[in-house]
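Colleague: My questions will all concern the structure given below.
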Amino acid sequence: ELVLKVRVQNLRDNDFIEIELDRQELTYQDLLRVSCCELGVNPEQVEKIRKLPNTLVRKDKDVARLQDFQELELVLVRSDSSSFQSRASKLTY
């Protein structure tokens, strides 16, 4: 299994939690699902996933390149943002 460190961007509590993903099923959707479940976040609220310090994770190939204990951040949609903005849960390649 792959162990990753994830957190939600800009919360007062900036600690990471560790999540585990099955190396046989390393997909963007699986990363999003497990991260949201562990952090208590609705996947529809996630605008994007960032590999720290500054790289967007966008597709299955990006997830496949992740290595143990890499740090990821879920960037949430601001409540005032446009409904036309693409959501992370809708990204598929």
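Please treat every number below as a calculation from the coordinates, not as lab data. Values in this document were obtained by computation on a predicted structure and should not be read as measured data. Neighbour counts run over all protein chains shown; Cβ positions are idealised from the backbone, glycine included.
Colleague: More than 18 Å apart: what percent of Cα pairs in region 1-52 qualify? Before the final figure, lay out the partial values.
Modeller: Numbers: 349 of 1326 pairs.
Cα-Cα pairs of region 1-52 separated by over 18 Å account for 26 percent.
Colleague: Right, another one. Provide, for q = 0.13, 0.18 Å⁻¹, the log10 of I(q)/I(0) from a solvent-free Debye sum over equal Cα point scatterers in region 2-90.
Modeller: Result of the Debye calculation: -0.38, -0.73.
Colleague: For an R0 of 22 angstrom, estimate the FRET efficiency from the Cβ-Cβ distance between Glu44 and Phe69 and round to the nearest 0.05.
Modeller: On the way: r = 28 Å, r/R0 = 1.27.
The pair Glu44/Phe69 has a calculated efficiency of 0.20.
Colleague: Lys/Arg Cβ at +1, Asp/Glu Cβ at -1, dipole of region 2-90 taken about the Cα centre: which of Cys36, Val46, Leu4 is farthest positive-ward?
Modeller: The one lying farthest along the dipole's positive direction is Val46.
Colleague: Related question: Taking θ as phi - 60°, what are the ³J(HN,Hα) couplings along region 16-22 by the Karplus curve (6.51, -1.76, 1.60), each to the nearest whole Hz, with x for Gly and Pro?
Modeller: These are the phi-based 3J(HN,Hα) values: 8, 10, 9, 10, 10, 10, 5 Hz.
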